[in-house]
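Student: First, the structure itself, so that you have it in front of you.
Just so it is clear, none of the values below were taken in a lab; they were calculated from the coordinates. The structure displayed is predicted, hence computed values, not measured ones. Reconstructed Cβ throughout: ideal geometry from the backbone, glycine too, with neighbour counts over all protein chains shown.
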Amino acid sequence: MIKSPHSKIDLHSHTNASDGFLSPIDLIDRAIENGIDLLAITDHDTINGYLIAKQYLSEVKHTHSTIPLTLIPGIEISCIWNDREIHVVGLGIDTQNSFLKEQLEAQQSKRVLRATLINKRLEKKGIIGALNYVEKLTQGETISRAHFAKFLIEQNYVKSMNNAFKKYLGKSGMAYVPPQWMTMENAINLIHHCGGLAVIAHPLRYELSTLKLQQLLVDFKTLHGDAIEVSQSNQSHDDMVKLAKYALEFNFMASQGSDFHYFGNNIELGKVYPLPDDVKPIWQSLAIKEYNT
Ligand code: AMP
Ligand code: MN
Ligand code: MN
Ligand code: MN
């Protein structure tokens, strides 16, 4: 029997410190409304949203002590494996770690540089003002291609996020700039260095052949990666079963998370199928009590 796709545990979400639409405070309010018990904020290459959310949640809990929400410090690191862009989520990281701060600053500088190059390519196509718009929108926080997509939609160059990536920002797009992220090995080591667990985000979204996906899993295992995301929002039940099989085959723990950026496209905080019984849920290995303050 297929259970309903709602869970009290969501270990992949974004705020407007990266390319999420909600502020950290609004994200926490939504998590409370949705009855989430365990939430990880995993912004792209930044912990700034988490820090604001953590402060807010501790204030809310001070006045409403029955709120069951626990917030896990997390990150989604953009990295390179075999010339491909892969996202590795880190859960339970020490956000005060100085090496982490240094490495995230380096990723942020690469994002700023990439943004100027994307802007140049767009200008060559007669599209003016993108960088200006994106800088105003992000206010010094993470610049993502999703922000460029928003500009292209608002200026009527494309009708949807997907079209923006197809036509301009994705690998075959006119304004594509190959990223210079850290290697997957460095991303895993960085997460471990900060006491966290390393998770391959949305393994089926990289458009890898079965063989390549298995190679990714082999390499991730060899590099001491800990888990893969098995359950996501907007995912077929068959895909979840497929990923659960991989988790068992490669002896990875299993994570679940909506990858919430904004409400829509069948994506909502906590909207994930519960994990199958035979996989090992990653939250059993997170020091949850430590974060429950
Ligand atoms: P970036 O981190 O700058 O490489 O931007 C990638 C982000 O854009 C992802 O995290 C997604 O949230 C968003 N996005 C939306 N549609 C797509 C798409 N078709 N391909 C890749 N990323 C997409
Ligand atoms: Mn994103
Ligand atoms: Mn991702
Ligand atoms: Mn994500």
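Student: List the residue pairs whose Cβ atoms are under 6 Å apart, where the first residue sits in the range 145-160 and is within 13 Å of S18 (Cα to Cα), the second is of a type in the set (D, E, K, R) and within 16 Å of ligand 4 (Cβ to nearest atom), and the two are 6 or more positions apart or on different chains.
Tutor: A146/D19
Student: How many residues, within the range 16-48, are assigned to a helix (DSSP H, G or I) and not acidic (D, E)?
Tutor: Residues in the range 16-48 being assigned to a helix (DSSP H, G or I) and not acidic (D, E): 8 in total.
Student: Sticking with this structure for a sec: Can you tell me which residue among I72, I86 is touching a strand residue (DSSP E or B) at 6+ places or on another chain (Cβ under 7 Å), part of a strand (DSSP E or B) and either charged (D, E, K, R) or closer than 19 Å to W181 by Cβ (or both)?
Tutor: I86
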